[in-house]
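J.: Sharing a structure here in structure tokens format.
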Amino acid sequence: MEANTKIPFLRSSNDLPGPLPTSSQIRESPTIIHGVDPYADKRVVIVGPYVVKYGKGVSLLEGQNLLFIEENFPQVPAPKLYAMWRDAEEVFLVMEQIQGQTLDTLWPTLGDEDKVIILNKLRDIFESLHSPPGQGFFGSVLKGPIPYHLFWDSDGDPTITGPFEAASDMIYGLAKRSRANSALNHKDPYLAEFFERNLAPALDDRSATFCHSDVQRKNIIIENLPTHLTGFENVRVVLLDWEVAGWYPSYWEYVAAFIAFIWDDDWPKRVEDFLPIYGSEAAQSARAGDAGQLLTGLLKCARCRNWRKERQEMWAGSRPVLNVKGVLGDNKLVVRAAHMMMRRGLLQQSQAVPATAPNVPGEDAARAIRGGPRDVENDRGE
């Protein structure tokens with residue numbers, strides 16, 4: 001399983017649905033799907049029978065991933081890549097145009113039976129995607145750095161970006177990145193210390209799984225929509241946006257999906273029907289399973305905004321819950337809180353947190369654990 005196609009990549013004219021557009025024709029396309037801002041560094045346009053993603057912010061790795069999927073995962077529906085080249089500072093990916101609707105648009109209109117049909121198809125897709133054995137590293141298909149944004153580093157430090165030999169090295173990379181962020185913000189590295197002390201030893205998994213790593217409804221297209229003569233049994237489910245796909249730990253697909261949850265409908269619950277939460281058998285031990293869930297919650301909590309209203313709506317009438325981000329504001333409570341979460345399953349409650357968590361100073365952390373009131377009106381994301 002190797003991927004390193006030379007650039008430019010152009011399919012034979014016999015394999016094309018029409019003449020390939022030029023860079024100029026693509027830039028002049030009036031049909032813009034994404035990136036209407038004149039300063040956008042990434043655009044998606046339609047040119048003839050093609051969808052083209054181009055711009056300074058487009059990565060050649062996405063094209064390599066599509067070719068890798070086509071060659072190694074024939075059961076996984078993804079857009080076919082017809083051409084890939086670089087012009088000046090812009091990358092161009094010319095792809096198959098998938099006719100259908102994105103699942104985020106379609107989801108509110110679906111009944112439960114139709115949702116189940118789509119979820120079953122997604123389960124089959126991800127079982128196929130996750131089935132091949134790892135390649136002995138965690139990183140991109142080019143055996144390069146992990147493409148997920150949490151591992152980006154401006155200096156390209158390989159201890160942060162990877163590739164890594166073990167999943168524990170990934171956690172240490174996250175910790176180092178968190179430590180650098182804390183230093184820039186003149187804060188103590190409590191989160192980094194927590195990762196190093198509790199998560200890295202528990203997630204020392206040397207097997208890797210190929211993951212899409214951005215499972216959101218906007219990245220799922222439903223093709224062959226039913227008519228009055230056909231039902232949802234005949235729809236085709238296609239995964240888009242393979243830019244951050246690569247070799248990750250077995251639990252990562254769900255972790256990355258969890259980070260993007262909004263918690264305004266049943267989608268977060270339904271994801272559990274087709275994505276494994278615990279991953280491989282090695283990760284299903286009590287310690288690794290709990291730590292994997294804990295990593296999910298912590299990464300979610302690291303993306304903060306004011307969430308007062310959402311929290312009140314979500315937990316109206318329920319018991320006060322543990323505030324993970326708040327606990328991390330006081331190093332004396334970190335290990336105690338982690339042990340509580342692992343023993344009592346409190347992290348299941350923190351999974352109800354929307355894409356948010358307050359920036360809680362240390363003295364408020366104790367109140368968060370006790371369930372006491374606190375003022376989040378002025379909380380700001382980091």
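The values are calculated or read from the model by the stated rules, or taken from the named source; none is laboratory data. Values in this document were obtained by computation on a predicted structure and should not be read as measured data. Here Cβ is always computed from backbone atoms with ideal geometry, including for glycine, and neighbour counts include all displayed protein chains. Note: accessible area is taken over every heavy atom of the protein model, side chains too, but ligands, DNA and RNA are not part of it. Shrake-Rupley method; radii C 1.70, N 1.55, O 1.52, S 1.80 Å.
J.: Could you check how many residues of segment 161-196 are more than 19 Å from P249 (Cβ to Cβ), out of contact with any Ser or Thr (no Cβ under 6 Å at 6 or more places or on another chain) and of a type outside the set (S, T, N, Q)?
T.: Qualifying residue count, segment 161-196: 9.
J.: Against the definition (at pLDDT 95 or above and out of contact with any Pro (no Cβ under 9 Å at 6 or more places or on another chain)), how does P19 come out, yes or no? I'd like the intermediate steps shown before the answer.
T.: On the way: at pLDDT 95 or above: yes; out of contact with any Pro (no Cβ under 9 Å at 6 or more places or on another chain): yes.
Yes, satisfied.
J.: Could you pull out the residue among I69, I117 that is farther than 15 Å from A245 by Cα and among the aliphatic types (A, V, I, L, M)?
T.: Details: I69 fails: farther than 15 Å from A245 by Cα.
Just one listed residue meets the conditions, I117.
J.: Can we say S154 is of a type in the set (G, A, S), assigned to a helix (DSSP H, G or I) and on the phi < 0 side of the Ramachandran plot?
T.: Numbers: of a type in the set (G, A, S): yes; assigned to a helix (DSSP H, G or I): no; on the phi < 0 side of the Ramachandran plot: yes.
No, not satisfied.
J.: Considering only residues that are touching a residue at least 12 places away in the same chain (Cβ under 8 Å), part of a loop (DSSP other than H, G, I, E, B) and open to solvent by 30 Å² or more (accessible area, probe 1.4 Å), which ones fall in segment 227-243?
T.: The answer is L240, D241, E243.
J.: If I ask for residues that are in a helix (DSSP H, G or I) and open to solvent by 30 Å² or more (accessible area, probe 1.4 Å), which ones from segment 189-226 would you list? Give the derivation first.
T.: First, pick out the residues of segment 189-226 that are in a helix (DSSP H, G or I): 190-202, 217-219.
Within segment 189-226, Y190, L191, E193, E196, R197, P201, R217, K218 meet the criteria.
J.: Just the residues that are open to solvent by less than 20 Å² (accessible area, probe 1.4 Å) and not aromatic (F, W, Y), please, taken from segment 116-156.
T.: Across segment 116-156, the qualifying residues are I118, L119, L122, I125, L129, G139, S140, V141, G144, I146.
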